[in-house]
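Read-outs throughout are calculated quantities, based only on the coordinates presented, and are distinct from any laboratory measurement. Since the structure is predicted, the reported quantities are computational estimates derived from the model, not experimental observations.
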Amino acid sequence: MNLPDLKQAKKRTDNEVVEKQVEYNYPKAFVNKKYFLRTYGCQMNVHDSEEIRKYLEILGFSETTVLEESDLVVLNTCAIRENAHDKVFGYLGRCKHLKREKPDLLIAIGGCMSQEENVVCEIKTKHPYVDIVFGTHNINELPKLLLENKAKQTIEVYSIEGDVYEGIQYKRDSKITAWVDIMYGCDKFCTYCIVPYTRGKERSRKLENIIAEVEELKQNGYKEVTLLGQNVNAYGRDLNMGYDFKDLLEKVAQTGIDRIRFVTSHPWNFTSEMIDVIAKYDNIMPYIHLPLQSGSDGILKLMGRRYTKEEYLHLYNQIKEKIPNVSITTDIIVGFPNETEEDFLETLDVVNTCKFDSAFTFIYSPRVGTPASLIKDNVTMEEKEERLQRLNTLVNAYSLEANQRLVENIVPVLILGENEKDKTRIYGYTDTMKLVNIEGGCDLIGKIVPIKIKEAKSFSLDGEIVKEGVSI
Ligand code: SAH
Ligand code: SF4
Ligand code: F3S
């Protein structure tokens, strides 16, 4: 067994990353067997699940969305906050119950929680019925682990980050929009965050491999790619090949694919050259997710974010000036240890200045092994909850305002599908990533069409199809 060692993680920065090809030569040993896959967490995990699905289907499994029908359950977990843990352990209870009725049921746990030493110990001691634990650095070993499945629990998790794998195949969730990994891991070590420990150091894929993937997606009819990394602005720096994120963006734009977006941008690595490239190309969406975390310099420093309130606002203004109609969204944490009412008011001040199009807001959750978890938390849960509520009220008011500004405008919308609850409606996203619900028009799925916005809500827009001949 190879247990992750959180305390060592920061030291593991000088081992050489090797590019390797993924192996797909597996027997179809699980024909007529069904798998149930549940994904928690961010887009990285959603995309990793597409990789997992492909392996499982190569082995002969087919997917079911009904837990009780499955022969294999895979939980792709997230460790970002305590409630993510609770959800997984809660669900594991259901799986345990099912295994009592179906003793041959296989249970596999992967994702970021598997990279946490304390979680692995808990699974080992309290959940012996879990068959396989695999990590974020060895997803490609899942077929082998399933084929070799032993009577006792198998834990195969690596604390040394993986190499960069090429040739990965995916069973993608969509035929219209696709995730494209451009880099793995994170070297920022924000003091509250578990990700650098669960995903390892920053490793970029080579530019030519990313471009080849985008070209192939375009040829297969994909309309939109999202370039994925925990901190995309740091792309390429580990490669020392003379190119960086602005060069990658430019090359991806030149493939001519209809829409390009990227997540997530850390304000610290955002250069004005990058903003210029985003402004220059019509197919790079005017949408930037720019996590703020806090508006207080003192708290930002404690968080290890490497920018001040003023620097954040300067970057924000630069982006707004250079990219017309840009939509900027953010992440904010409230109730970090030592956060005073004055600190919190600084955060509200930034929200009032930036009027974000939308924001994900969180109560600080201490994570085992991170430096912040060692700071005495002197903010009561009551205060944290009260701040979150005040913040959400403000954030939602600005989201509604931003949406209201679009009413009576005609905007390009990429139509993604039918509304699940109301089949007479379709939905899609503007190039600023706003959700639009539209009456009728199933034939438009997969197309970018001009839509007239009729009504604004806090989290979505209602629009109508514009008669032919209207240009946008
Ligand atoms: N790489 C991205 C964020 C990834 S995690 C970035 O740096 O911007 C997504 C969000 O979860 C973070 O932006 C942060 O707001 C939140 N988050 C991370 N760790 C957290 C913690 N310990 N408690 C509460 N929220 C947290
Ligand atoms: Fe976590 Fe900070 Fe890295 Fe984002 S940049 S993943 S918040 S350590
Ligand atoms: Fe969660 Fe891991 Fe993503 S901790 S947010 S799934 S990188």
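Odds and ends about this structure:
- For the range 182-190, 3J(HN,Hα) per residue [Karplus equation, 6.51 cos²θ - 1.76 cosθ + 1.60, θ = phi - 60°, Hz, x = Gly/Pro]: 10, 7, 10, x, 7, 9, 6, 6, 3
- Distance distribution note for the range 348-472: the fraction of Cα pairs above 21 angstrom is 53%.
- Close amide H contacts of residue 379 (hydrogens built in the peptide plane, cut-off under 5 Å, sequence separation of 5 or more or a different chain): 338.
- Alpha carbon convex hull of the chain, projected area averaged over orientations, nm²: 22.8
- Distant-in-sequence amide H partners of residue 235 (H built 1.01 Å from N, under 5 Å): 245
- The range 49-198 shape via C-alpha gyration tensor axes, a/c threshold 1.5: oblate
- Gap separating the Cα centres of the range 372-444 and the range 169-245, nearest whole Å: 24
- Taking every alpha-carbon pair under 8 Å whose residues sit at least 6 apart, the range 224-293 reaches a relative contact order of 37 percent.
- Whether the range 36-102 is rounded, prolate or oblate, judged on the alpha carbon gyration tensor where a/c under 1.5 counts as rounded: oblate
- A simple rule links phi to the HN-Hα coupling: the Karplus curve 6.51 cos²θ - 1.76 cosθ + 1.60 with θ = phi - 60°, which for the range 226-242 gives 10, 7, 10, x, 5, 8, 4, 5, 8, 3, x, 5, 6, 7, 6, 10, x Hz, with x for Gly and Pro.
- Over all distinct Cα-Cα pairs of the range 370-433, the Kirkwood formula returns a hydrodynamic radius of 15.9 Å.
- Nonlocal amide H pairs with residue 181, under 5 Å, H built at 1.01 Å: 228
- Relative contact order of the range 254-352: 33 percent, from C-alpha pairs under 8 Å at least 6 residues apart in sequence.
- As a ratio to 2.2 N^0.38 Å, the alpha-carbon radius of gyration computed for the range 318-384 takes the value 1.37.
- Taking a straight line from the alpha carbon of residue 218, these aspartates and glutamates sit under 12 Å away, with near neighbours fewer than eight places off in the same chain left out: 258.
- For the range 131-243: rounded, prolate or oblate by the Cα gyration tensor [a/c cutoff 1.5]: oblate
- Above-threshold pairs, the threshold being 31 Å between Cα atoms, out of 96/376; 246/301; 124/421; 150/206; 188/434; 309/454: 96/376; 124/421; 150/206; 309/454
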